[in-house]
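Note sheet for the following structure.
Where a number appears in this text, it was derived from the coordinates with a stated rule and is not lab data. In this text the structure is predicted, and so the values were computed from the model without any measurement. Don't worry about glycine lacking a Cβ; one is built from the backbone with ideal geometry, like all the others, and counts go over all protein chains shown.
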Amino acid sequence: EADIYQTPRYLVIGTGKKITLECSQTMGHDKMYWYQQDPGMELHLIHYSYGVNSTEKGDLSSESTVSRIRTEHFPLTLESARPSHTSQYLCASSETGGTEAFFGQGTRLTVV
Amino acid sequence: GESVGLHLPTLSVQEGDNSIINCAYSNSASDYFIWYKQESGKGPQFIIDIRSNMDKRQGQRVTVLLNKTVKHLSLQIAATQPGDSAVYFCAVRTGANNLFFGTGTRLTVIP
């Protein structure tokens with residue numbers, strides 16, 4: 001069982017609200033990722049981090065931001081949520097140089 | 001950017017038969033190719049990987065084949081069981097050690 005946790009599991013919020021999706025891992029992994037998963041199932045990399053104080057944008061443009069102040073914590077923030085942000089968000093971590101990424105259960109976000 | 005795609009979005013197989021899920025990729029510089037399984041309501045879970053200098057790797061009931069000439073990857077599941085029903089993703093690892101996933105294939109096992 002992977003030691004990576006995401007909260008909340010489900011979230012329904014109104015347009016314009018600021019939200020933060022939490023992700024924590026207890027494996028001491030330096031590498032962390034955020035993916036957005038659309039209804040067609042494809043996973044798109046939106047942010048990643050090599051370690052503390054490192055954040056990079058991924059392949060898919062996103063209006064979200066991330067921070068990495070502690071190794072174990074990689075929160076994702078939307079300053080002003082819109083219906084187009086409705087999606088499943090998956091956080092993952094891996095050892096640097098590893099091929100196995102451990103995923104959280106995801107946060108299903110609905111913006112109304 | 002990376003392009004990783006599976007050939008079929010859905011696949012149905014009879015319990016006990018073998019399953020083959022195929023994937024195509026675009027980046028010749030990818031150094032690892034990985035298969036993940038995602039069950040309903042869960043995040044993807046690592047199944048098996050193969051390094052770019054190999055063409056075959058076997059695990060428990062699974063075999064991954066890599067054909068670099070045509071940039072093709074496949075996952076074979078032997079004696080498919082109901083618990084194998086899930087969405088399967090192939091992923092590639094690039095030089096920056098990022099994982100890029102393709103669209104998934106939903107495998108349904110018919111009892």
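Residue ranges A:41-47, B:104-110 sort as A:41-47, B:104-110 when ordered by packing (mean number of other C-beta atoms within 10 Å per residue, highest first).
Taking the Cα centre of the protein assembly as shown as origin and assigning +1 to Lys and Arg Cβ atoms and -1 to Asp and Glu Cβ atoms, the resulting dipole is close to 200 debye. For the range A:29-90, with only Lys/Arg (+1) and Asp/Glu (-1) charged at the beta-carbon, what is the dipole magnitude about the Cα centre, in debye rounded to 20? So the magnitude is around 160 debye.
This model, with +1 at the C-beta of Lys and Arg and -1 at the C-beta of Asp and Glu, gives chain B a dipole about its Cα centre of some 200 debye. Label positions at A:ARG70 and B:ALA29, each projected 7 Å from the Cα along the C-beta direction, are separated by 3.6 nm. From the C-alpha coordinates alone, can you work out the Kirkwood hydrodynamic radius of the range A:1-105, in Å? After inverting the pairwise mean of 1/r, the radius is 13.8 Å.
So if the hydrodynamic radius of chain B is defined as the Kirkwood radius over C-alpha pairs, what does Stokes-Einstein give as its diffusion coefficient at 20 °C and 1.002 mPa s, in µm² per second? Once the numbers are plugged in, D ends up at 154 µm²/s. GNM on chain B, alpha-carbon springs under 10 angstrom: the most fluctuating residue among B:ASN27, B:ASN67, B:ASN53 is B:ASN53.
Ranking A:VAL112, B:VAL70, A:VAL66 by Cβ neighbours within 10 Å, fewest first, what do you get?
Fewest-to-most ranking of A:VAL112, B:VAL70, A:VAL66: B:VAL70, A:VAL112, A:VAL66.
A Förster radius of 30 Å, combined with the Cβ-Cβ distance separating A:GLU79 from B:GLU39, puts the computed FRET efficiency at roughly 0.35. Relative contact order for the range B:16-111: 33 percent, from Cα pairs under 8 Å spaced at least 6 residues apart, divided by residue count. When the Cα positions of A:THR20, A:TYR89, A:SER49 are compared along the charge dipole of the range A:1-111, A:THR20 comes out farthest toward the positive end, with charges on each C-beta of Lys, Arg, Asp and Glu.
Taking every residue in B:35-43 and counting other chain Cβ atoms within 10 Å of its Cβ, the average works out to 4. Taking chain B as a Gaussian network of alpha-carbon nodes connected by springs under 10 Å, the highest mean-square fluctuation of the residues B:ASP84, B:ASP17, B:ASP49 belongs to B:ASP17. Amide H contacts of A:GLU42 (H built 1.01 Å from N, in plane; Pro and chain starts excluded): B:GLY104 sit under 5 Å, all sequence-distant by 5 or more or on other chains.
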